[in-house]
Amino acid sequence: MDYGIAYVPEDRHQHGLVMDFNIASNVTLPILRKVSRLGLLDPRLEKKIAGDYSEQLRVRAAGLDQLVNALSGGNQQKVVLSKWLATNPAVLILDEPTRGIDVGAKAEVHRIISDLAARGLAIILISSELPEVLAMADRVLVLHEGSVTGTFARTEATQERVMFAATGQDR
C-alpha cells in the first residue's frame, strides 16, 4: 500500500472482506488513519467515503450499515474493489475478479475495470477465463510453469495463440 499498489484477492470471503463487518467498515479498513481523528473513528467521514465508492461502483444494498455477508457475490466484489480504490492506488492487481459472481455482476465488474483503465489506473488482471482476458486486456502475458511463454498485444492475442503459450507448446 505504501508504494501505491492494491491487491484484490481471488477469495473475497477469506482474504478480501471481513464478513461480519458492514459495508462502510470494510471499505475504510485499509485507510483507518484517513477516517480517524486523534485515534477515534470519524463515523461521518467513514460513511462519506464508503458512500462515495458504493455509489460510484453501484453497490446494491439496504445501506452502508448492511453486513457484507448479506450481499450478493457481485456486490461483495464491488465492496472489495471499493476498499482498495479508497487507498488511491497507482496500480490495481485484480486476481480472478469475476470468480463466483453471476453474469450480470460480471458485466458490471468489467465496466468498472474498463472505466478505471480509461481514467489511467494501471491494472494487472489475473484470470483463468480466456474470454475475459481477451476482452479486457490491452496486453496479454501468458505463464506456464512459472515462466512467461507468450506476450501478445490486444490485436495479436487469439484463443489459439494464448492456449499454445499456456500449455508450453511451440507453434
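Quick notes on this one:
- Fully extended contour minus Cα-Cα distance, from ALA62 to LEU130, at 0.36 nm per residue: 21.0 nm
- Distance cut-off 17 Å, percentage of C-alpha pairs in the range 5-137 lying past it: 56 percent
- Counting every other Cβ atom within 10 Å of each residue's Cβ, GLU145, GLU10 order from fewest to most as GLU145, GLU10.
- Estimated at 0.36 nm per residue, the fully extended path between ARG33 and ARG111 surpasses their Cα-Cα distance by 25.1 nm.
- Normalised by the number of residues in the chain, the mean separation of alpha-carbon contacts (under 8 Å, six or more apart) gives a relative contact order of 22 percent.
- Cα gyration tensor shape of the range 1-82, rounded if a/c is under 1.5, else prolate or oblate by comparing a/b with b/c: oblate
- Prolate/oblate/rounded call for the range 42-95, Cα gyration tensor, a/c under 1.5 rounded: oblate
- Residue order, fewest to most surrounding Cβ atoms within 10 angstrom, among ARG58, ARG44: ARG44, ARG58
- MRE, 222 nm, helices only [DSSP H, n ≥ 4, -39500 (n - 2.57), over the chain, to nearest 500]: -11000 deg cm²/dmol
- For the chain, a crude dipole built from +1 on the beta carbon of Lys and Arg and -1 on the beta carbon of Asp and Glu, taken about the Cα centre, is about 620 debye to the nearest 20.
All of the numbers you see were taken from the coordinates with simple rules; none came from a lab. Everything numeric in this text was worked out from a predicted model, so none of it was measured. Note that each Cβ is placed from the backbone with ideal geometry, even for glycine, and that neighbours are counted across all protein chains shown.
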